[in-house]
Amino acid sequence: MRPRVVCGIAAAVALFATACGSGGSSGGGTSAAVTAQAGPAGSYPVTVADCAGKETTIAKAPTRIVTSNAASLEMLLRLGAGDRVIGTGFPPGKGTLPAALAEQGAKVPVLGDKSVPKEKLLGSGADLYVDTFGAMPMMGGATGPTEAEFAAAGIQHVYLLSTACAGTPKAAKAPRTDLAGVEDDIRRLGAVTGTGARAEELVSGMEKQIGEVRTALAGVPEDKRPGYFVFDFDAGTKQPVAVCGRQVANAVITQAGARNVFADCDADFKPGSWEDVVAKNPDWIQLAVRNRGSEEATRKAFDDAEAFLRSFPATQGLKAVQEGHFVRLGSEVTTIAGVRNADAVRQIAATVHPDLVKPGPVENGQ
């Protein structure tokens, strides 16, 4: 991951809240390699590729899966493969998983509060490792196993490409404007785990929700989209972090009928300055905080983030601050690939375009 981005949103991206358009092609270079070879749903072999195009062939359904963090864990829980997960790194924080998944998610053994230690991963007995981000030395984890070491341990290694590829040289340079890459990740995991039919149900649900928003906003021209800034309060307030065009959040914001003011930076995250934010003068600011484990504690974190922006000299005069245009939406559902990205699209759209889009149901954990 990029230097400096070691907490806050980027930490939420890795930690999924521990303590520290649908359809079409997507910027980010992830949508081309869902499955290079797969028969009918639940059939094998299935071949998937990594960010560099290197292929891995899964000969049979995995039965002992380890996940690198709670993002890939949540996908597997939603796919109905949670009973095969024998361990995870970066476990879900209290209150971050939806209620329907929380009990099962809490039973998954934690192999590392951050990255899963190399020796523990190789000795876990896993036959599949689902890697959300690839190598992330800046997140406090040591170098992971080599592909040769994975092979020697009998562990096959697959990635969530929508997040693992975003910061690599192989990533497409254009900003990511739809959630096709996230949907491909869900389908890819469905194919790998033999839960393809469930994957299609999840993707269809996302596409329906995003399609409704897109239809409602069809009459809003590009030049009328409000400027939108994701304020990573948990990264600290000294130096803001820009959520750039390659990040999943850029697609969420775009589909919601807003304009990410930092969409033009060619990265997923990038350290910035308050001068940069002032120059952009966003119409709306998302108070992006991680779930604190209770409604009261999370609400206080939102309150604290807003209070900072209202009192900090550099931000007091921003249009969004002056007009009270704040979006209270957690980091996890905005910046991490998952089914709830579609919920975030609707929630943002309903906030910035209240006359056109109505709020939908919100799962806890947002």
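Computed from the coordinates by the stated procedures, all read-outs in this text should not be read as laboratory data. Not measured: the values here are computed from a predicted model. Neighbour counts are summed over all protein chains in view; Cβ atoms, including those assigned to glycine, are modelled from backbone coordinates with ideal geometry.
Do any of 270/300; 224/270; 118/280 go past 31 Å between their Cα atoms, and which?
Details: 270/300 27 Å; 224/270 26 Å; 118/280 43 Å.
Beyond 31 Å: 118/280.
For 268, 276, 83, what's the fewest-to-most ordering of other Cβ within 10 Å of each Cβ?
Taking fewest neighbouring Cβ atoms as first place, the list is 83, 276, 268.
For the stretch 219-352, count all C-alpha to C-alpha pairs, find those more than 20 Å apart, and express that count as a whole percent of the total.
On the way: 3549 of 8911 pairs.
Summing the P(r) tail past 20 Å for the stretch 219-352 gives 40 percent.
With +1 on the Cβ of every Lys and Arg and -1 on the Cβ of every Asp and Glu, and nothing else charged, how large is the dipole of the stretch 219-352 about its Cα centre, in debye rounded to the nearest 20?
140 debye
I need the peptides 97-104, 341-348, 294-301, 196-203 ranked by packing, meaning the mean over residues of other C-beta atoms within 10 angstrom, with the highest value on top.
341-348, 196-203, 97-104, 294-301
Mean separation of Cα pairs under 8 Å and 6+ residues apart, divided by the residue count of the stretch 219-352: what relative contact order is that in percent?
Dividing the mean separation by the residue count of the stretch 219-352 yields 29 percent.
As a footprinting exposure proxy, order 319, 208 by other Cβ within 10 Å, with the fewest listed first. Intermediate results must be reported in sequence, preceding the final value.
Details: 319 14, 208 11.
Ordered by Cβ neighbours within 10 Å, fewest first: 208, 319.
Considering amide H positions built from the backbone, and no H for Pro or chain starts, which residues 5 or more places from residue 157, or on another chain, come under 5 Å of its amide H?
129
So what J values fall out for the stretch 200-214 if you push phi through Karplus, 6.51 cos²θ - 1.76 cosθ + 1.60 with θ = phi - 60°, rounded to Hz, Gly and Pro as x?
For the stretch 200-214, the Karplus curve yields 5, 4, 5, 5, 4, x, 4, 5, 5, 5, 5, x, 4, 5, 4 Hz.
For residue 60, give me every one of the aspartates and glutamates with a C-alpha distance below 12 angstrom, ignoring sequence neighbours fewer than eight places off in its own chain.
Reachable aspartates and glutamates: 127.
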